[in-house]
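The values are calculated or read from the model by the stated rules, or taken from the named source; none is laboratory data. All values reported here derive from a predicted model rather than from experimental measurement. For neighbour counting, all protein chains shown are included, and Cβ atoms are generated from backbone atoms with ideal geometry for every residue, glycine included. Calculation scope for accessible area: heavy atoms of the full protein, side chains included, ligands and nucleic acids excluded. Shrake-Rupley method; radii C 1.70, N 1.55, O 1.52, S 1.80 Å.
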Amino acid sequence: MAQWWSKPAIVETRKTGDRMVISNAERAMEYMAKEWPTLEDGQAYRVARKALLDAHEGKLDAEKAREAFIAALQEGDIFIFDD
């Protein structure tokens with residue numbers, strides 16, 4: 001069952017100028033697996049994948065997973081829009 005984040009992450013997509021609203025670990029995992037626009041080899045990327053899976057399985061608080069996801073976005077130089 002999805003645990004909704006207190007604040008969504010609004011990120012760029014592979015198509016310049018397009019935005020995507022990500023509000024939970026499940027959607028973030030899908031974004032990382034299928035739509036991640038940069039290289040997938042950073043430390044924060046690997047930490048975020050595990051954190052999101054742990055949150056999905058109920059082993060980690062959803063907000064901690066969101067923090068890890070944001071760190072991976074920053075590491076990948078993926079633009080995060082203000083809401």
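Just checking, does segment 5-16 include any residue being of a type in the set (Asp, Glu) and in contact (Cβ under 8 Å) with a residue 40 or more places away in the chain? Show your work before the answer.
From segment 5-16, those of a type in the set (Asp, Glu) are 12; that's our starting set.
Checking which are in contact (Cβ under 8 Å) with a residue 40 or more places away in the chain leaves us with 12.
For segment 5-16, residues of a type in the set (Asp, Glu) and in contact (Cβ under 8 Å) with a residue 40 or more places away in the chain: present.
Are any of the residues in segment 30-49 basic (Lys, Arg) and assigned to a strand (DSSP E or B)?
In the first step, residues of segment 30-49 are kept if they are basic (Lys, Arg); the result is 34, 46, 49.
Remaining after also requiring assigned to a strand (DSSP E or B): none.
So far as segment 30-49 goes, no, none of its residues is basic (Lys, Arg) and assigned to a strand (DSSP E or B).
Can you tell me how many residues in segment 62-83 are open to solvent by 80 Å² or more (accessible area, probe 1.4 Å) and without any contact (Cβ under 8 Å) to a residue 40 or more places away in the chain? Break it down stepwise before answering.
Start the filter on segment 62-83 by keeping residues that are open to solvent by 80 Å² or more (accessible area, probe 1.4 Å), which leaves 64, 67, 74-75, 77, 79, 82-83.
Those still in the list that are without any contact (Cβ under 8 Å) to a residue 40 or more places away in the chain too: 64, 67, 74-75, 77.
Number satisfying all stated conditions: 5.
Would you mind telling me which numbered condition in (1) more than 17 Å from residue 79 (Cα to Cα); (2) assigned to a loop (DSSP other than H, G, I, E, B) residue 17 fails?
The failed condition is (1).
Does residue 71 satisfy the criteria of being part of a helix (DSSP H, G or I), within 18 Å of residue 3 (Cβ to Cβ), within 12 Å of the chain's Cα centre (by Cα) and modelled with pLDDT of 95 or more? Don't jump to the end; show me each part of the working.
Working: part of a helix (DSSP H, G or I): yes; within 18 Å of residue 3 (Cβ to Cβ): no; within 12 Å of the chain's Cα centre (by Cα): yes; modelled with pLDDT of 95 or more: yes.
The answer is no for residue 71.
Using beta carbons and a limit of 6 Å, which pairs, at least six apart or on different chains, have the first residue in segment 28-42 and more than 21 Å from residue 5 (Cβ to Cβ) and the second one surrounded by 14 or more Cβ atoms within 10 Å (Cβ to Cβ)?
38/76; 42/75
Restricting attention to segment 1-35, and to residues there that are small (Gly, Ala, Ser) and touching a Phe, Trp or Tyr at 6+ places or on another chain (Cβ under 7 Å), which single residue is most open to solvent (accessible area, probe 1.4 Å)?
Going residue by residue through segment 1-35, those that are small (Gly, Ala, Ser) are 2, 6, 9, 17, 23, 25, 28, 33.
Subset that is touching a Phe, Trp or Tyr at 6+ places or on another chain (Cβ under 7 Å): 9, 23, 28.
Numbers: 9: 2, 23: 31, 28: 0 Å².
Here the residue is 23.
Inside segment 48-61, can you point out the residues that are touching a residue at least 24 places away in the same chain (Cβ under 8 Å) and closer than 16 Å to residue 35 by Cα?
Selection gives 48, 52.
For segment 14-38, give me the residue count where each residue is hydroxyl-bearing (Ser, Thr, Tyr) and modelled with pLDDT under 85. Let's see the steps before the verdict.
Residues of segment 14-38 hydroxyl-bearing (Ser, Thr, Tyr): 16, 23, 31, 38.
Narrowing the set further to residues that are modelled with pLDDT under 85 leaves 16, 38.
Summing the residues that are hydroxyl-bearing (Ser, Thr, Tyr) and modelled with pLDDT under 85 in segment 14-38 gives 2.
Residue 52: crowded, with 17+ Cβ neighbours inside 10 Å and within 12 Å of the chain's Cα centre (by Cα), yes or no? Spell out how you get there, then give the answer.
On the way: crowded, with 17+ Cβ neighbours inside 10 Å: yes; within 12 Å of the chain's Cα centre (by Cα): yes.
Considered against the rule, which asks whether it is crowded, with 17+ Cβ neighbours inside 10 Å and within 12 Å of the chain's Cα centre (by Cα), residue 52 comes out as yes.
As an exercise: evaluate residue 9 against (1) modelled with pLDDT under 95; (2) part of a strand (DSSP E or B) and give the number of the one condition it does not meet.
So residue 9 meets the others, but not (1).
I'm trying to understand the selection: among the residues of segment 36-49, which are more than 16 Å from residue 65 (Cα to Cα) and open to solvent by less than 80 Å² (accessible area, probe 1.4 Å)?
Those that are more than 16 Å from residue 65 (Cα to Cα) and open to solvent by less than 80 Å² (accessible area, probe 1.4 Å): 36, 37, 38, 42.
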